[in-house]
Amino acid sequence: VFNILLSSIGNVLNNVRLISNQNYMACKQQGDFNILIAILGILGAIAAWSISKYIYHLEEALLFGIATLIGILRAYYIVSYRLFLEFKKNLVSNLFLILGYGLGLLVSMLSNNWILVFGIGEGLSFVYVLAKTNLKSEKWKLTNLFSSTLRLFLQLAIVSIIGNLLVYFDRILVNPLLGATSVAIFSVAAFWGKSLTSFFEPIANVFLGYFSSGKYRMSTKNYFLICGMSILCILAFFALGCVIAPYLVKFLYPSLYEATMPYIPLVSFATLLPSVITFVRPAVLVVCNKSFLLILQILYTVVYTCVSTSLSGKYGLTGFSVGLIISNLFYVVLFISLGLYSIKRNTIDKTTER
């Protein structure tokens, strides 16, 4: 819940600011984003509290809501470093985050309250971010760009929510289809592929910062270069994983090692494929119609569910893994095609204007 809310509110508004910033600068307007992050942050905190109050005590639920609010605010305001390409400050803010999570872990062990890990971790980093950003001093004023900005946020937020839910969807599907043991085997086999996603995401964020800065023009040639390099990178990590992942699994999950071994290549490839989209997404976000992203996400979800379910019924966990590969390949091809179509269309429109 914490990660989904941070990603679907804070990170999405962060991306919306990057994508929209050139329009706001051209119109010499500001004020929408402080209003948006305040409202959305409070709504996120209320959502976190509403969900957690059914599981934890009132005090813990309130702390969880506050920690979520702080996390959402931090996730948005670090956009300042991406707007101005100040990645050293971004690194420092993440170092404070690590330090904060470490301190939070110690405090939570002493107080027996795990939510303090989130609160202190996000809080320490947010204090640094707030001290080093000029965005907090922007006006609080609705502009004539507000409605288009809100619409863009809602489109990307829905895409993000579906995407984040799909992170856990494989386990949700495997459990009723194949049982809890298969969930454990699949999760361990996916360890290599899913771990690398967190490594690729910051690189993609740097790309988006450059692409949306107005100093970089995306061409078909450069787009193909990005696609080709991302595919080669994923294939290289897949080959490396086939060698390294078995040793990691044997060390981390010795009791599941024998059962997991046959599935590591298939599941690693399946879970690495979406990383191609992670690299390509920054270019696509800048040039495409955002409504298409939602359509692609829904299509992917339908194909994923249908193909994986039907194949798992015939071939068990192997069938489910093959179904995941097919659906992820389908999504990658469609996503890359959307980017290519959008770049060509933008090029034609600019030529027509001239």
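Every read-out reported here was derived from the displayed coordinates using simple, explicitly stated rules and does not represent laboratory data. Keep in mind the model is a prediction, meaning the values are calculated, not measured. Note that each Cβ is placed from the backbone with ideal geometry, even for glycine, and that neighbours are counted across all protein chains shown.
Here are the numbers for the structure shown:
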{"read-out": "Anchor residue 221: lysines whose Cα lies under 26 Å away (excluding residues fewer than 8 positions away in-chain)", "value": "290, 344, 350"}
{"read-out": "Net dipole in debye of the chain [+1 Lys, Arg Cβ; -1 Asp, Glu Cβ; about Cα centre; nearest 20]", "value": "1100"}
{"read-out": "Structure-based [θ]222 nm, the chain - -39500 (n - 2.57) summed over DSSP H runs of at least 4, per residue, nearest 500", "value": "-28500 deg cm²/dmol"}
{"read-out": "Which of 55, 34, 70, positive extreme of dipole for the chain (C-beta unit charges)", "value": "34"}
{"read-out": "All-pairs alpha carbon distance profile, region 12-93, 5 Å steps from 0, percent", "value": "3, 15, 20, 18, 15, 13, 8, 5, 2, 1"}
{"read-out": "Charge dipole (the chain, unit charges on Cβ, about Cα centre) - positive-most of 328, 174, 85", "value": "85"}
{"read-out": "Cleavage-rule hits, chymotrypsin sites (Phe, Trp or Tyr not before Pro), region 78-147, DSSP coil, Cβ neighbours within 10 Å at most 12", "value": "140"}
{"read-out": "Convex hull projection area averaged over all views, region 1-149, Cα basis, nm²", "value": "8.9"}
{"read-out": "Electrostatic dipole magnitude of region 3-87 [Cβ: Lys, Arg +1; Asp, Glu -1; Cα centre; debye, to 20]", "value": "220"}
{"read-out": "Selection from 232, 3, 242, by position along the positive dipole direction of the chain (Cβ)", "value": "232"}
{"read-out": "24 Å Cα-Cα reach of residue 132 towards lysines, excluding residues that sit fewer than 8 places from it in its own chain", "value": "28, 88, 89, 141, 215"}
{"read-out": "Calculated Rg and Dmax of region 66-170 using C-alpha coordinates, Å", "value": "16.4, 51"}
{"read-out": "Cα radius of gyration and Dmax for region 49-115 (Å)", "value": "14.8, 42"}
{"read-out": "Hull volume in cubic angstrom per residue (convex hull over the Cα atoms of the chain)", "value": "152"}
{"read-out": "Candidates 16, 302, 332: whichever shows maximal mean-square fluctuation once the chain is modelled as a Gaussian network with Cα springs under 10 Å", "value": "302"}
{"read-out": "For the chain, built as a Gaussian network whose Cα springs stay under 10 Å, the top-fluctuating residue of 234, 295, 325", "value": "295"}
{"read-out": "Most mobile of 254, 265, 202 in a GNM of the chain (Cα contacts under 10 Å)", "value": "254"}
